[in-house]
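Everything below concerns the one structure shown next.
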Protein chains: 2
Amino acid sequence: MKKTNIVLNCLIVVWLIILIMMPQHTMSQRQPGNIISPEILPDNSVIFRIKAPNANSAQVSGTWATGKMTTMEKKDSVFEVKIGPLSSDMYEYDIILDGIPILDPTNNMVTRDGAWIQNRLMIPGVMADIIDVKPVPHGDVKAVWYNSPAIGGERRMFIYTPPGYDKNKKKYPVMYLLHGGGGDEEVWLSRGRANYILDNLIATGKAEPMIVVITNGNPNTPAAPLDRPAEMQNKIQGGIASMASGKFEESLVKDVMPYIEKNYRVIADADHRAITGFSMGGFQTQNITNANPAMFKYIGVMSMGLFSSFGNNPNPNYNKNQHVAQLKALIAAKPKVYWIGIAKSDFLYGTAVKLRSLYDEVGLKYIYRENEGTHDWNSWRLYLSEFAPLCFK
Amino acid sequence: MKKTNIVLNCLIVVWLIILIMMPQHTMSQRQPGNIISPEILPDNSVIFRIKAPNANSAQVSGTWATGKMTTMEKKDSVFEVKIGPLSSDMYEYDIILDGIPILDPTNNMVTRDGAWIQNRLMIPGVMADIIDVKPVPHGDVKAVWYNSPAIGGERRMFIYTPPGYDKNKKKYPVMYLLHGGGGDEEVWLSRGRANYILDNLIATGKAEPMIVVITNGNPNTPAAPLDRPAEMQNKIQGGIASMASGKFEESLVKDVMPYIEKNYRVIADADHRAITGFSMGGFQTQNITNANPAMFKYIGVMSMGLFSSFGNNPNPNYNKNQHVAQLKALIAAKPKVYWIGIAKSDFLYGTAVKLRSLYDEVGLKYIYRENEGTHDWNSWRLYLSEFAPLCFK
């Protein structure tokens with residue numbers, strides 16, 4: 001194609017001038033002025049800016065300080081504030097303009113957890129090296145639709161296969177990775193960075209190569225918003241009747257696992273199965289492993305504890321005897337790793353205290369991880385990066 | 001799991017009360033008040049609403065009238081406007097609040113084309129039945145990383161395999177599907193709905209089952225923003241030196257096609273290869289098929305014409321003799337379908353007139369499709385739904 005390259009060069013210079021003028025592709029609407037935001041300084045402080053001549057107030061709110069808003073100062077028509085320095089990590093943030101949370105107009109990096117659509121900020125360093133795209137072999141990620149008689153209908157999940165899966169005949173262990181309330185099957189990829197965390201852990205020898213199965217834990221919605229019919233487009237994920245049905249837990253065992261074990265090269269025994277999830281997914285992890293004690297040898301409960309004990313009105317119908325009987329069956333099945341992770345400022349912290357207390361009483365051994373932080377993705381990415389290396393070893 | 005369901009029911013009722021209170025999952029920040037927006041009325045008119053007590057002005061701008069803004073009227077603290085009735089289709093839109101384009105806070109349906117992050121609106125009916133998720137068998141979509149010596153490094157693409165691909169041993173034809181300037185490999189899925197359009201066309205017998213390969217056409221970025229290293233996170237897709245290099249065109253032939261033909265069950269001959277793309281991708285489609293006349297028997301040029309002829313300063317270095325020689329080689333290779341589609345209000349309309357004029361002069365037969373509309377996704381989804389059925393028949 002060498003001859004055509006000369007022509008191409010000339011054509012494209014003209015063409016790109018046009019491209020820049022194209023209303024469908026110009027950056028001008030989303031990048032008013034020559035604003036740079038976020039600007040990461042050498043010391044990992046970050047300046048946020050937004051040009052908004054008509055606005056009276058702007059704040060920035062991010063997971064470096066979940067729940068807090070920092071006021072941005074207006075100079076001429078640009079609001080600005082400096083935050084940090086921040087430690088290396090990925091953060092989610094919003095700008096709140098005259099009381100309305102909006103995306104940072106100059107940041108294309110956007111992720112969604114349920115209805116929560118936010119910008120992403122990656123601060124380089126130790127944690128970014130675990131969760132960012134690095135120059136290492138990448139596994140593939142496949143969106144598949146599978147039939148789920150337990151819930152009814154076709155449902156969508158993602159399957160991560162580790163680097164090299166298509167080039168050899170090996171069989172692999174499998175991790176089932178569950179999301180929280182309000183989320184769906186996309187969030188462990190877009191916001192959770194699960195595939196890149198696994199790529200990096202595998203490349204550095206910290207985790208065994210494994211298949212990771214990322215399901216949608218809401219029985220009443222088959223897939224993420226853009227991947228379900230328009231009439232369900234703004235349906236809120238979950239819902240009481242749906243979640244209380246126990247149908248997701250049933251479908252994971254009856255529909256998802258058989259699909260994976262039939263269609264992928266997996267080692268289909270308990271020694272090579274892990275399950276973990278956060279918040280709602282931590283609750284579902286407990287439900288599934290309590291009901292099927294011999295199925296998973298690696299169990300991770302993230303940001304969730306003994307849920308019946310939570311709040312001012314603990315569930316009066318909680319049946320401790322039944323729970324203890326399940327845990328004894330679990331102990332008898334000899335899980336290799338039972339992992340509990342919770343952040344010091346998590347609103348569910350007290351439930352984890354009670355869960356550990358019960359496990360201590362019953363004699364179920366577990367690894368306990370407590371981190372600074374709260375009930376957010378900074379914790380869940382961290383937990384995955386620490387739990388995955390404990391599996392299948 | 002029947003016994004545990006009773007316990008689960010009680011647990012979850014308590015738990016969901018808590019869930020609703022959780023700052024990470026509440027809808028309240030993104031859905032202020034009890035606002036519904038967009039509300040689609042029975043006649044397919046649409047009401048947009050935003051609660052913004054502190055704002056002075058709000059407009060809505062969408063692809064039902066690309067480039068126009070409609071003023072929303074403020075009553076108490078809520079801006080509101082009724083649009084339409086709209087014909088069945090998928091539309092992209094923004095709300096412009098005090099001059100800043102923002103997402104509709106109550107609509108979770110968001111897609112991105114380059115820096116252009118917008119809400120989605122699906123109006124039911126004929127076109128929605130082609131582009132929405134319908135109760136038909138769904139193909140799988142796999143994100144794979146492949147090595148590209150032609151460009152350098154690992155790059156990401158998506159591969160759609162039709163329903164049933166994993167359940168039989170058949171070989172399939174392949175369509176290569178290219179995006180426009182500013183875009184990346186994600187946009188034909190999220191905004192273009194390519195996988196669902198194919199699902200629906202295949203289910204209704206309108207298109208042959210085929211594999212669809214969706215590449216990233218920007219040589220200087222290996223993947224979409226969230227799937228490349230943070231230091232490239234806000235890099236604008238493309239760039240003159242990168243696009244002018246012709247490296248994408250080279251890599252499609254030297255890297256992508258061999259990967260697909262090695263790793264997938266494809267019929268690896270020209271009769272079973274199609275290539276199409278819009279705007280930049282229509283230009284690349286021409287470059288690839290002009291340089292490789294015997295490689296594809298189905299060629300679709302969307303929203304792009306004879307680019308060198310565009311504007312007030314047509315490219316002085318355009319070599320018509322060379323182009324004609326390429327087209328004669330293409331005619332000799334007997335393409336089965338050469339398809340050109342352009343909208344009446346496309347800013348590139350004149351380039352398509354000149355391309356057709358040249359093809360008429362040279363004797364290259366083509367199918368010509370002209371639609372109402374402009375240089376936007378409403379045209380490109382329509383074109384895919386019409387071009388795909390012409391392939392491999």
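Things to note:
- Applying the criterion of at least 3 residues that are in contact with a Phe, Trp or Tyr (Cβ under 8 Å, 6 or more places away or on another chain) and on the phi < 0 side of the Ramachandran plot to the helices (runs of 4 or more DSSP H) found wholly in region B:290-393 leaves B:349-362, B:377-387.
- The residue that is farthest from A:Met109 (Cα to Cα), among those in region B:173-197 that are in contact with a Ser or Thr (Cβ under 8 Å, 6 or more places away or on another chain) and hydroxyl-bearing (Ser, Thr, Tyr), is B:Tyr176.
- Residue in region A:288-311 that is free of Cβ contacts under 8 Å to residues at least 24 places away in the same chain and more than 16 Å from A:Arg273 (Cα to Cα) present: yes
- Extreme residue, surrounded by the fewest Cβ atoms within 10 Å (Cβ to Cβ), among residues of region B:198-248 that are modelled with pLDDT of 95 or more and in contact with a Ser or Thr (Cβ under 7 Å, 6 or more places away or on another chain): B:Leu201
- Count of region B:330-367 residues which are farther than 13 Å from B:Gln286 by Cβ, among the hydrophobic types (A, V, I, L, M, F, W, C) and within 13 Å of chain A (Cβ to nearest Cβ): 2
- Looking across B:Gly363, B:Gly282, B:Gly350, one residue alone is within 15 Å of B:Leu384 (Cα to Cα) and in the same structural domain as B:Lys142 (by TED's automatic domain parsing). It is B:Gly282.
- Verdict on B:Val141 being assigned to a strand (DSSP E or B) and at the interface with chain A (Cβ under 7 Å from one of its Cβ atoms): yes
- Search result, residues across region A:144-159 that are within 17 Å of B:Pro163 (Cβ to Cβ) and not in a strand (DSSP E or B): A:Ser148, A:Gly153
- Residues of region B:336-352 classified as farther than 14 Å from B:Ser309 by Cβ and buried (at least 20 other Cβ atoms within 10 Å of the Cβ), total: 6
- Verdict on A:Gly205 being touching a residue at least 12 places away in the same chain (Cβ under 8 Å), more than 10 Å from chain B (Cβ to nearest Cβ), more than 20 Å from A:Ser88 (Cβ to Cβ) and of a type in the set (Gly, Ala, Ser): no
- The requirement of being outside any helix (DSSP H, G or I) and either touching a strand residue (DSSP E or B) at 6+ places or on another chain (Cβ under 7 Å) or facing chain B (nearest Cβ under 7 Å) (or both) is not satisfied by A:Val136.
- Considered as a group, the residues in region B:172-185 that are assigned to a loop (DSSP other than H, G, I, E, B) and out of contact with any Pro (no Cβ under 9 Å at 6 or more places or on another chain) include one that is surrounded by the most Cβ atoms within 10 Å (Cβ to Cβ), and that residue is B:Gly180.
- Filtered by the rule that a residue be among the small types (Gly, Ala, Ser) and within 19 Å of A:Pro42 (Cβ to Cβ), region A:63-100 gives A:Gly84, A:Ser87, A:Ser88.
- Breaking point among (1) within 21 Å of the chain's Cα centre (by Cα); (2) within 12 Å of chain A (Cβ to nearest Cβ); (3) at negative phi; (4) touching a residue at least 24 places away in the same chain (Cβ under 8 Å), for B:Val126: (2)
- Only one of the numbered conditions (1) loosely packed, with under 15 Cβ neighbours inside 10 Å; (2) over 21 Å from B:Gly192 (Cα atoms) is not met by B:Glu370, and that is (2).
- Among (1) surrounded by 15 or more Cβ atoms within 10 Å (Cβ to Cβ); (2) within 13 Å of another protein chain (Cβ to nearest Cβ), the one test that A:Gln322 misses: (1)
- Only one entry of A:Gly182, A:Gly152 meets the criterion of being at pLDDT below 95 and within 23 Å of A:Phe278 (Cα to Cα), and that entry is A:Gly182.
- Of all the criteria given as (1) crowded, with 24+ Cβ neighbours inside 10 Å; (2) modelled with pLDDT under 95, the one not satisfied by A:Gly311 is (1).
The values are calculated or read from the model by the stated rules, or taken from the named source; none is laboratory data. Everything quoted here is computed from the prediction, not taken from an experiment. Positions of Cβ are backbone-derived with ideal geometry, glycine not excepted, and every protein chain shown enters the neighbour counts.
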